[in-house]
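Below is one structure; the comments refer to it alone.
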Amino acid sequence: MWARKKQKGFTVVELLIVVIIIAILAAITIVAFNGMQTRARNAAITSQAGKMSKYLRSYVALHGAEQMKSQLPVGGSPVTYCLGTGYQDVVEGAAVGCYVNTAGQYNSSYANLDSLLQTWGNISVSSPRVKVIIDPMDPPIEQSAPTLTYVSSAPTYLVDGKPNVFGYISYILVGENVDCGNNPVLTYTGTSGGNFLYSTTSGAKFSSSSSAGGGYTTCWIYFHPDA
């Protein structure tokens, strides 16, 4: 009689090794894909903020600083408004706004500012919405468009050591210590003698960064109406 040939298959250990290898490769792929998504989202946000900065500076170059300042809100305290139109609302049931923080304060649009920007081009916002959860017990920080903060009277705000009427375009990027991709970056350096100190000469790539809520970076593009 012919001897029956012995069949040899995979052992349980071999199958487990294959499964583990596939799982590791899948995990690497997912991490790489998520990283690509984050970079693409940050690039879109950076581009949107840079476009708004370009529009504001172009308006000043064409019409002058006084015309620009006449269209901006006034007041001793800083005021902040959304830049652009068509952004996703972040506060349901309230006036349409593009930014809300953990204290429930949010920013909305300003008609004069929108009209001013529209003289230079399309201001429809395509920035992705960013949500940062700092503490599960607190509301998240959310932003769907860049904002402009403007200080029309600044006796206690010093920029590079000088009292300054100034503004900055603010936006949030996902991840810690992310390059803001726009210049000049405004950074807060502290207080002295009751003054709030800022710098544009530090060569910083970002304004501030936080490891809370998975990590995020706050970017401020310095804008001076007279510059």
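Among the candidates Gly86, Gly104, Gly121, the residue that is surrounded by fewer than 17 Cβ atoms within 10 Å (Cβ to Cβ), at positive phi and in contact with a Ser or Thr (Cβ under 8 Å, 6 or more places away or on another chain) is uniquely Gly86. Just to be sure before I move on: is Asn195 closer than 23 Å to Lys69 by Cβ, of a type in the set (S, T, N, Q), surrounded by fewer than 17 Cβ atoms within 10 Å (Cβ to Cβ) and in contact with a strand residue (DSSP E or B) (Cβ under 7 Å, 6 or more places away or on another chain) in the structure I sent? Criteria met by Asn195.
Of the listed requirements (1) closer than 16 Å to Ser208 by Cβ; (2) at pLDDT 85 or above; (3) touching a Gly at 6+ places or on another chain (Cβ under 9 Å), Leu148 misses just one: (1).
Within segment 210-227, how many residues are assigned to a strand (DSSP E or B) and surrounded by fewer than 17 Cβ atoms within 10 Å (Cβ to Cβ)?
Of the residues in segment 210-227, the ones assigned to a strand (DSSP E or B) are 210, 216-223.
After this cut, where a residue has to be surrounded by fewer than 17 Cβ atoms within 10 Å (Cβ to Cβ) as well, the list is 210.
Final tally of qualifying residues: 1.
Filtering segment 174-186 to residues that are under 21 Å from Asn101 (Cα atoms) and either outside any strand (DSSP E or B) or at pLDDT 95 or above (or both) leaves Gly175, Glu176, Asn177, Val178, Cys180, Leu186. Tell me whether segment 127-138 contains one or more residues that are hydroxyl-bearing (Ser, Thr, Tyr) and over 19 Å from the mean Cα position of the chain (by Cα). No, the conditions are met nowhere in segment 127-138.
Number of residues in segment 160-186 that are buried (at least 22 other Cβ atoms within 10 Å of the Cβ) and closer than 21 Å to Met68 by Cα equals 5.
Does Thr189 satisfy the condition of being assigned to a loop (DSSP other than H, G, I, E, B), surrounded by fewer than 21 Cβ atoms within 10 Å (Cβ to Cβ), polar (S, T, N, Q) and without any contact (Cβ under 8 Å) to a residue 60 or more places away in the chain?
Working: assigned to a loop (DSSP other than H, G, I, E, B): no; surrounded by fewer than 21 Cβ atoms within 10 Å (Cβ to Cβ): yes; polar (S, T, N, Q): yes; without any contact (Cβ under 8 Å) to a residue 60 or more places away in the chain: yes.
Answer is no for this residue.
Applying the condition of being loosely packed, with under 15 Cβ neighbours inside 10 Å and in contact (Cβ under 8 Å) with a residue 24 or more places away in the chain to segment 134-154 and asking which residue is nearest to Trp220 (Cα to Cα) yields Ser153.
Answer yes or no: is there a residue in segment 51-60 that is within 28 Å of Glu176 (Cβ to Cβ), part of a helix (DSSP H, G or I) and modelled with pLDDT under 70. No: segment 51-60 contains no residue that is within 28 Å of Glu176 (Cβ to Cβ), part of a helix (DSSP H, G or I) and modelled with pLDDT under 70.
In segment 115-133, the residues that are under 23 Å from Gly215 (Cα atoms) and in contact (Cβ under 8 Å) with a residue 40 or more places away in the chain reach residues that are among the charged types (D, E, K, R) and assigned to a helix (DSSP H, G or I) with C-beta atoms within less than 6 angstrom, at least six apart or across chains, in these pairs: Pro128/Arg41.
The values are calculated or read from the model by the stated rules, or taken from the named source; none is laboratory data. Note that this is a predicted model, so its numbers are computed, not measured. As a convention, Cβ positions derive from the backbone with ideal geometry for all residues, glycine included, and neighbour counts pool all protein chains shown.
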